[in-house]
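> Just dropping this structure here.
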Amino acid sequence: MPSAFDEDDFSALLDTLDRYIRERLMPLEKTVEETATVPDAILDEMREMGLFGLSIPQAYGGFELDVVQETRVQMLFSGTSQAFRLAFWPNVGIGSRGIVYGGTPGQKQRYLPGLASGELRAAFCLTEPDAGSDAANIRTVAVRDGDDFLISGTKRFITNATHADVFTVMARSDAGKSGADGISAFIVEKGTPGLTIGKPEHKLGQRGAPICDVILDRVRVPKENLIGGEAGEGKGFRIAMQVLDSGRIGVAGSAVGMMKRIIDEAATYALSRKQFGQPIAEFQLIQGMLADSEAEYLAGHAMVMEAARSLQAKRDTRILAASAKYFCSEALGRVADRALQIFGGAGYIAEYPIERLWRDARVLRIYEGTSQILQLVIARGLLKRYA
Ligand code: COS
């Protein structure tokens, strides 16, 4: 499917974003880290640039980038603090995708324009205290009450819940069915009685991108808010998994963008830092670490682009998406660790960016599917081919 955005327009967009990241966002990284907040002025600029609607169809006011273009933006934006990207990316990715993939025309009309402009912000609520990797085992229930559903349960570690106006909530709507089949996806609006947002967690990294609990106590939503309408009943788990396939390519793209930034920092430092009378970049053991990092970055880049092209072509991308996220997030961990080693003692203190980048990198091996769950997805798919 051709993109709605031609290559010239897209290159111009990438150039603008590149300049914006370098000139406006990178100088604010320390402030965001210290205050754990993305300034409102930045959010307004992001709205003005159309960032909240990068993936949303043009018919609803978005840019409608294709998957490959979106992945390239994801890589670019991951060259700065994740907090900046995560301020708008839930609208682009997991927070809007359920409605884009499975929503009725009415649902799309009601929510997508606001999500595209950034007037509304989105959150995706799958994880629970007792259902993380075992996502089909969620306990949140949606009980029919006339023309409404009453939703009760607790969602955990929900990115941007503190700012969200629109929540995609997975809940068991058929108590008679266990596992994936009884789960439906609902749109819940901020301010609905019974919906409470917990306090933001104190985290190892990615400060400024808040995560917290979302507690639902008999939250009444009309049946019109069941994603896909009546036909969507029982399809929530599959919608969530589809959303996660594209989300995993996005996380892989983020890992690639972070690797690039970390290599920039490490190579620049190695050229300027002198020991034994010469730049440490001249020592082959340092070169070995840089070379391993560059090779892993290039491999990750190729892999994530292949996964993005496959999803774009509407092929079954489960194994590629899981493989890209697994490889790139693990490679990122190694790249960040080598960079910290190259910085030596300076890498361990907060004055240099590596300390933060190393902490920010860690969660990519966990969110949107742990490495171990992804190994399972890859192995299951692979064995099915040979069975
Ligand atoms: N796209 C579409 N449908 C999918 C799918 C995908 N990527 N993955 C699974 N499904 C479908 C399956 O085809 C199956 O449907 P059928 O019975 O009609 O064939 C159904 O969903 C159930 O799938 P499966 O049997 O594989 O479910 P499991 O409970 O065994 O769990 C794992 C699958 C473990 C892979 C899944 O729960 C998972 O990805 N867990 C991690 C969740 C996660 O990433 N959490 C992070 C937080 S979200 S930000």
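> Within the set of other residues whose C-beta is less than 12 Å from the C-beta of Pro222, count the net charge using Lys and Arg as +1 and Asp and Glu as -1.
Working: positive: Arg110, Arg144, Arg220, Lys223; negative: Asp145, Asp147, Asp148, Glu189, Glu224.
Summing Lys and Arg as +1 and Asp and Glu as -1 gives -1.
> Let me ask another. For region 1-66 and region 267-328, compute the distance between their C-alpha centroids and round to whole Å.
Using only Cα atoms, the two centres lie 24 Å from each other.
> Relative contact order for region 182-340: what is it in percent, counting Cα pairs under 8 Å that are at least 6 residues apart? Spell out each step's value before the answer.
Working: 176 pairs, mean separation 39.0, N = 159.
Relative contact order comes out at 25 percent.
> Moving on. Given Ile151, Gly79, Val67, which one lies farthest toward the positive end of the charge dipole of region 67-160, if we put +1 on the Cβ of every Lys and Arg and -1 on the Cβ of every Asp and Glu?
After comparing all options, I get Gly79.
> Still on this model: Compute the relative contact order of the chain as a whole-number percentage, counting only Cα pairs closer than 8 Å that sit 6 or more residues apart in sequence.
15
> If you add up the charges near Tyr60, with Lys and Arg at +1 and Asp and Glu at -1, over every other residue whose beta carbon is less than 14 angstrom from its beta carbon, what do you get? Working shown, then result.
Numbers: positive: Arg97, Lys108, Arg110; negative: Glu64, Glu119.
Neighbourhood net charge equals +1.
> Enumerate by residue number the chymotrypsin sites (Phe, Trp or Tyr not before Pro) in region 262-357 meeting two conditions: DSSP loop (anything except H, G, I, E, B), and at most 16 other Cβ atoms within 10 Å of the site's Cβ.
Phe276, Phe283
> Return the whole-Å distance between the Cα centroid of region 102-136 and the Cα centroid of region 160-238.
Region 102-136 and region 160-238 have Cα centres spaced 8 Å from each other.
> Still on this structure, please answer the following. Ranked by Cβ crowding within 10 angstrom, fewest neighbours first, how are Thr196, Thr162 ordered?
Neighbour counts put them in this order, fewest first: Thr196, Thr162.
> Can you work out the FRET efficiency for the pair Glu294 and Asp148, with r the C-beta to C-beta distance and R0 = 56 Å, to the nearest 0.05?
0.50
> To the nearest 20 Debye, how big is the dipole of region 122-233 about its Cα centre, given +1 on the beta carbon of each Lys and Arg and -1 on that of each Asp and Glu?
Dipole size: approximately 440 debye.
> Using the Kirkwood radius over C-alpha pairs as Rh, can you work out the diffusion coefficient of the chain via Stokes-Einstein at 37 °C, viscosity 0.692 mPa s, in µm² per second?
Rounded to a whole number, D works out at 152 µm²/s.
> Suppose each label sits 7 Å from its Cα in the direction of the beta carbon; what would the Leu271-Glu351 distance come out to in nanometres?
Label at Leu271, label at Glu351, 2.2 nm between them.
> Could you please report the charge total around Met46, scoring K, R as +1 and D, E as -1 over all other residues with beta-carbon less than 13 angstrom from its beta-carbon?
-1
> May I pose another question? For region 1-59, which GluC sites (Glu not before Pro) are both in a DSSP coil and crowded by at most 15 other Cβ atoms within 10 Å?
none
> ³J(HN,Hα) across region 120-137 via Karplus (A = 6.51, B = -1.76, C = 1.60, θ = phi - 60°), whole Hz, x for Gly/Pro?
Listing the rounded values in order: 10, 10, 10, 9, 10, 10, 10, 4, 9, x, 10, 9, x, 5, 7, 5, 7, 9 Hz.
> Once you have the Kirkwood Rh of region 7-117 from its Cα pairs, apply Stokes-Einstein at 37 °C and 0.692 mPa s and quote D in µm²/s.
Values: Rh = 14.5 Å.
In µm²/s, the coefficient is 227.
> Let me ask something else. Using a Förster distance of 22 Å, how high is the FRET efficiency between Arg22 and Glu45, based on the Cβ-Cβ distance and rounded to 0.05?
0.95
> At 0.36 nm per residue, and after removing the present C-alpha to C-alpha distance, how many nm does the segment from Asp174 to Lys190 gain when stretched out fully? Intermediate values should be presented prior to the final figure.
Working: separation 16, 0.36 × 16 = 5.76 nm, distance 2.45 nm.
The Asp174-Lys190 span can extend by a further 3.3 nm.
> To the nearest 500 deg cm²/dmol, what mean residue ellipticity at 222 nm is calculated for the chain from DSSP H runs of n ≥ 4 alone, each contributing -39,500 (n - 2.57), summed and divided by the residues?
-16500 deg cm²/dmol
> In whole Hz and in residue order, list the ³J(HN,Hα) couplings for region 231-244 that follow from phi through the Karplus curve 6.51 cos²θ - 1.76 cosθ + 1.60, θ = phi - 60°; x for Gly and Pro.
With coefficients 6.51, -1.76 and 1.60, one gets 5, x, 5, x, 9, x, 5, 5, 4, 4, 5, 5, 4, 6 Hz.
> Let me ask another. May I ask for the percentage of alpha-carbon pairs in region 153-299 that lie more than 27 Å from each other? Before the final figure, lay out the partial values.
Numbers: 5025 of 10731 pairs.
Across region 153-299, Cα pairs with separations above 27 Å total 47 percent.
> Report, to the nearest 10°, how far helix 284-312 tilts away from the longest principal axis of the Cα atoms in the chain, using its own Cα long axis and a range of 0 to 90°.
Long axis of 284-312 versus the principal axis of the chain: about 30 degrees.
> According to the Kirkwood expression over distinct Cα-Cα pairs, how big is the hydrodynamic radius of region 238-386, in Å?
Mean inverse Cα-Cα distance, inverted, gives 16.2 Å.
Every read-out reported here was derived from the displayed coordinates using simple, explicitly stated rules and does not represent laboratory data. This structure is a prediction, so every number in the text was calculated from the model and none was measured. With ideal geometry, Cβ positions are generated from the backbone for all residues, glycine too; neighbour counts draw on all protein chains shown.
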